[in-house]
Amino acid sequence: MVIMPTAFLLFSEGLDSLLSGLILKEQKVNIIAVKFITPFFGWKYKEDPTSFYKKIEELNFDKGILIDITEEYIKILKNPQYGYGDYANPCIDCKILMLRKAKELMAELKADFIATGEVLGQRPMSQNKNTLALIEEKAGLKGLLLRPLSAKLLSPTEPELKKLVDREKLLDIRGRKRNIQLELIKKFQIKEIPTPSGGCLLTDPQIGKRILTIVKEKRPLNYLTSQLLILGRHFLEEKIWILLGRNQEENEKIKKIVNKVYKTYTLNVPAPTAVVIEGNPPEEYIKKLLIKYSKKAKLRISKGERVDLVSLS
Ligand code: SF4
């Protein structure tokens, strides 16, 4: 019986990691797709992991694994050794962390090597030749990290030298142009074309700016607040941090996340949910904020009627 090699694929769900997996699968490599999740990427699977496993099955990959790395991620988000990208995305530290985690699992899952969707020169900071080499070294994966989309432009890796994969069938994509990826989309008949980045919220200008402010001002950034950061309107004053939901769906989500850990309020008319994440602001201040974002409250007040603050915690 021929034993097929196994690759541990860092699967962001972006187009490039998807194509890398399909290229290896075409060479009869078993694919274990690992998706690392934090509130900034892949978080929907925290509530609904089955949709991830369904996707893995549809792609004909051999196994899917979800791993929540929020706690460790927050540490690099606060102080990335290699800095941030355009917004709050610490891409180099992020990749090193994910690859280290993947390496820890290699023996357990009997994987022969690790594969990513990285493309040489696609991102000037995190995907130039030196950075790719640095990431490989810092992750402790010298020779074991295969980048199928740019492999022919890089030194041969162990799986290529051992003929576990055919280097000739790997690619030589360089830069930001995506014409080869578009051809591959047709070849593999991909119907839903994913975004290149896999939808990382740290690259979102608004959320990224907010996160950088929280980090710079040394506000509480932890498992809970990192989930709250990506929702609602945030009011940051000296030693005060209040969050207001923007709609019913957000209000419900916020209540569920906070789960009475922080003081939570609303009004006795339809109004946002307010959470005091930091500080001890006067109730009158919270009430004023809530009134500002509640049409019903403003209407009542205009009629000379009373509006009261309601504690939810
Ligand atoms: S875009 Fe986000 S998930 Fe991707 S490497 Fe950068 S920080 Fe990590």
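The values are calculated or read from the model by the stated rules, or taken from the named source; none is laboratory data. Values in this document were obtained by computation on a predicted structure and should not be read as measured data. Cβ coordinates were reconstructed from backbone atoms using ideal geometry, including for glycine residues, and neighbour counts include every protein chain displayed. Surface accessibility is based on the protein's heavy atoms, side chains included, excluding ligands, DNA and RNA. Shrake-Rupley method; radii C 1.70, N 1.55, O 1.52, S 1.80 Å.
With charges only on Cβ, +1 for K and R and -1 for D and E, what is the dipole size of segment 6-187 about its Cα centre, in debye, rounded to 20?
Details: 31 positive and 25 negative charges, 87 e Å.
In total the dipole reaches around 420 debye.
Considering only protein heavy atoms and a 1.4 Å probe, what is the carbon-and-sulfur percentage of the accessible area of segment 1-104?
Working: 2380 of 4660 Å².
That fraction is 51 percent.
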With all protein chains present, how much of the accessible area of segment 231-311 (probe radius 1.4 Å) comes from carbon and sulfur, to the nearest whole percent? 49 percent
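Only Lys, Arg, Asp and Glu count, each charged at its Cβ (+1, +1, -1, -1), so figure out the dipole size of the chain about its Cα centre, rounded to 20 debye. Kindly include the intermediate steps, with their values, before the conclusion.
Values: 54 positive and 38 negative charges, 171 e Å.
Dipole size: approximately 820 debye.
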Positive end of the dipole of the chain, charges at C-beta (+1 Lys, Arg; -1 Asp, Glu), about the Cα centre: which of VAL119, GLY83, VAL307 has its Cα farthest in that direction? VAL307
With n ≥ 4 as the cut-off for DSSP H runs, can you work out [θ] at 222 nm for the chain, using -39500 (n - 2.57) per run divided by the number of residues, rounded to the nearest 500? -11000 deg cm²/dmol
Under 20 Å from the 7 Å Cα→Cβ point of GLU47, by amide nitrogen: which residues of segment 215-251? 223-234, 243-251
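Using the crude model of +1 on Lys and Arg Cβ and -1 on Asp and Glu Cβ, and no other charge, please compute the dipole size for segment 165-295 relative to its Cα centre, in debye to 20.
Values: 26 positive and 15 negative charges, 47 e Å.
Dipole about the Cα centre, nearest 20: 220 debye.
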Options ILE211, ASN60, VAL165, ranked by Cα towards positive dipole end of the chain, top entry (Cβ charges): ILE211
Anchor LYS129: lysines whose Cα lies under 16 Å away (excluding residues fewer than 8 positions away in-chain): LYS95, LYS138, LYS142, LYS152
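What does the accessible area per residue of the chain come to in Å², with a 1.4 Å probe and no ligands, DNA or RNA counted? Could you put the intermediate results ahead of the total?
On the way: 16430 Å² over 313 residues.
Here the per-residue accessible area is 52 Å².
How would you order 6-12, 227-233, 214-220 from highest to lowest mean count of nearby Cβ atoms within 10 Å? Each step should come with its number before you reach the end.
Values: 6-12: 25.4, 227-233: 19.0, 214-220: 14.1.
For the peptides 6-12, 227-233, 214-220, the packing ranking is 6-12, 227-233, 214-220.
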Equivalent ellipsoid semi-axes - Cα gyration tensor, the chain, angstrom: 45, 19, 17
With unit charges on the beta carbons (Lys and Arg positive, Asp and Glu negative) and the dipole taken about the Cα centre of the chain, which residue among PRO148, CYS94, LEU9 sits farthest to the positive side? CYS94
